[in-house]
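Read the structure below first, then the notes.
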Amino acid sequence: MDYFTIFIAVLVVLFVILFFTFIPIGLWITASFSGVRIKISNLIGMRMRRVIPNRIVNPMIKATKAGLDLNVEDLEAHYLAGGNIDAVVDALIAAQRANIPLEFERAAAIDLAGRNVLEAVQVSVNPKVIETPNISAVAKDGIEVIVKARVTVRANIDRLVGGAGEETIIARVGEGIVTTVGSADSYKKVLENPDSISKVVLEKGLDSGTAFEILSIDIADVDVARNIGAKLQTDQAEADKRIAEAKASERRAMALAKEQEMKAEVQQMRAKVVEAESQVPLALAEALKEGNLGAMDYYNMMNILSDTEMRKSIAKPDGSNTTK
């Protein structure tokens, strides 16, 4: 055997391998025996469009066996749009088994919207229970009540595209509980009849604009917490006390300032008296010098001053100079 023959044989083998790799003959045979009518040219076109044929043909086989009439072009278009074909086909099969009207276009739109279409169909058949976190509400008597609720919902297929999710349901239920408890005159009424909360909240149509339909709202637990009214009164009293203390401190500061001002005025008056007294000897000397005051007048004045000082000393309660 020459080299040319070996070369031709290698090329033939490579061609066969590439042919069966590029053209999925085995997948076409499987689809044909499964009742899926698909052309080889379609499989080649998928390869050219960079679509994995298994991702299209296998869901198509599953849908055909389930009795669904789907189009290969629709599945391929949904795959190229980034959708999950397996989830869409499984959802269509589940909806058919549950007698839920669901078209491929609607299921594809739900899938492309980012929602789990199979889970939505399952929740439509088997309602889902959403448990709210602990919700704090205060009755009119100031007592805080902690409420926990369970919301039973069923998916609404028609509102899955553009409808709000579970977070909106929980937020609306929480708001309804807070409003209902806040309108109660006493926390005791809430404890005596917790079903009144669920009835009032359920009547508000909280599932409007959401992807779910609320079937029931059940109060799972109700606990009494803090006395918010008393706490608020205590905080108000403490605030009033601080305000009063601040005002009292302000009045004390003003009184001290006034006292210091009065002491300064007294010091000034004393300084003026001392200054005036220092002028008396000079005035006496001037009067004696000019003859306005005689010697006898001066001695009489001094006797009067001495007598005054003596009387002052006698009038002191603890004075030691007393006359019998």
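The values are calculated or read from the model by the stated rules, or taken from the named source; none is laboratory data. This structure is a prediction, so every number in the text was calculated from the model and none was measured. A quick note on method: Cβ atoms are made from the backbone with ideal geometry, for glycine too, and the neighbour counts reach across all protein chains shown. To get the accessible areas, we keep the full protein, side chains included, count just its heavy atoms, and leave off ligands, DNA and RNA. Shrake-Rupley method; radii C 1.70, N 1.55, O 1.52, S 1.80 Å.
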Answer from ALA244, ALA283 - the residue that is within 55 Å of the chain's Cα centre (by Cα) and farther than 30 Å from ILE135 by Cβ: ALA244
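Please verify whether ASP185 is acidic (Asp, Glu) and either farther than 19 Å from VAL200 by Cβ or open to solvent by less than 30 Å² (accessible area, probe 1.4 Å) (or both), treating the condition exactly as stated.
No: the conditions fail for ASP185.
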Give just the number: which of (1) part of a helix (DSSP H, G or I); (2) at pLDDT below 85 does ARG50 not satisfy? (1)
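Yes or no, residue by residue, for (1) open to solvent by 50 Å² or more (accessible area, probe 1.4 Å); (2) at pLDDT 80 or above; (3) not in a helix (DSSP H, G or I):
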| site | (1), (2), (3) |
| --- | --- |
| VAL173 | no, yes, no |
| VAL200 | yes, yes, no |
| ILE219 | no, yes, yes |
| LYS241 | yes, yes, no |
| SER249 | yes, yes, no |
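Whether any residue in the range 222-232 is open to solvent by 90 Å² or more (accessible area, probe 1.4 Å), within 30 Å of the chain's Cα centre (by Cα), hydrophobic (A, V, I, L, M, F, W, C) and modelled with pLDDT under 85 is what I want to check.
yes
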Index of the failed condition, GLU144 passing every other in (1) more than 16 Å from ASP221 (Cα to Cα); (2) out of contact with any Asp or Glu (no Cβ under 7 Å at 6 or more places or on another chain): (1)
Does the range 128-140 include one or more residues that are at pLDDT below 90 and touching a Leu at 6+ places or on another chain (Cβ under 7 Å)? no
